[in-house]
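Worksheet for the structure shown next.
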Amino acid sequence: MSQRKVPPFRAEHLGSLLRPASLIKARQAWRDGKLPRDELTRMEDDAIREVVALQERVGLQVISDGEFRKRSWRDLLFEATEGYSRDLTPSDFTFTDYSGQTRKGGSVPDAIGRLRRREPMAPGFEFVRKLTARTVKATLPAPSVNHFFRGDRMLEKGPYAETAGRISATLPRSTGRR
């Protein structure tokens, strides 16, 4: 059977790839003001080059940056969008894994102003496109991801307060526990 050259492909990786520990520490150092942004970017670039080569070696036809320019798949939305608080509020959502063990969802900001994108949502996409001839993808979370972790309460402090209550009524019930 010949290998497809255009989507859909037989297999692709979904989600973030494991970030190197050095990159996790570097991102925290940058957030703490102890590492210049250009040094973090250089480290991200090096890690992305490696993860692109890895994906090509294993035969994936759809390549990502591993989401190495993000602290989390969803947090880029909050970092790249005006209107969210700087303070994080604990999640109301509880995940239950296959063993029955539970954990709270990650903390998220509240919507305190009108949401407006202030920077690209796929940082480094062009960088990855230059590294491979294969199809490149990026994860682009929508503002509804915040609603998943806080429900209507994430709207109470801002200009969307009048919609609180109406949104939850239109959403399908979650499979997680709250």
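Worth pointing out:
- Residue match in segment 20-31 (condition: under 16 Å from THR132 (Cβ atoms) and among the charged types (D, E, K, R)): no
- ARG49, sole failed condition from (1) under 17 Å from LEU18 (Cβ atoms); (2) within 16 Å of the chain's Cα centre (by Cα); (3) of a type outside the set (A, V, I, L, M): (2)
- Number of positions in segment 140-157 that are in contact (Cβ under 8 Å) with a residue 24 or more places away in the chain, of a type outside the set (A, V, I, L, M, F, W, C) and crowded, with 17+ Cβ neighbours inside 10 Å: 5
- Look at segment 105-125: where a residue is β-branched (Val, Ile, Thr) and a partner is in a strand (DSSP E or B), sitting 6+ places away or on another chain with Cβ atoms under 8 Å, you get VAL108/THR89; ILE112/GLY83; ILE112/TYR84.
- Residue in segment 158-169 that is at pLDDT 80 or above and either surrounded by 13 or more Cβ atoms within 10 Å (Cβ to Cβ) or under 28 Å from ALA53 (Cα atoms) (or both) present: yes
- For segment 84-116, filtered to residues that are more than 14 Å from ASP152 (Cα to Cα) and among the polar types (S, T, N, Q), the residue that is nearest to the chain's Cα centre (by Cα) is SER107.
- Among residues of segment 18-41 that are among the aromatic types (Phe, Trp, Tyr), those with a beta-carbon under 6 Å from a residue that is not in a loop (DSSP other than H, G, I, E, B) at least six positions away or on a different chain give the pairs TRP30/LEU40.
- Considered as a group, the residues in segment 117-136 that are assigned to a loop (DSSP other than H, G, I, E, B) and under 15 Å from the mean Cα position of the chain (by Cα) include one that is surrounded by the fewest Cβ atoms within 10 Å (Cβ to Cβ), and that residue is GLU119.
The values are calculated or read from the model by the stated rules, or taken from the named source; none is laboratory data. No experiment lies behind these values; they were computed from the predicted model shown. When we count neighbours, we look across all protein chains shown, and the Cβ atoms used for this are built from the backbone with ideal geometry, even at glycine.
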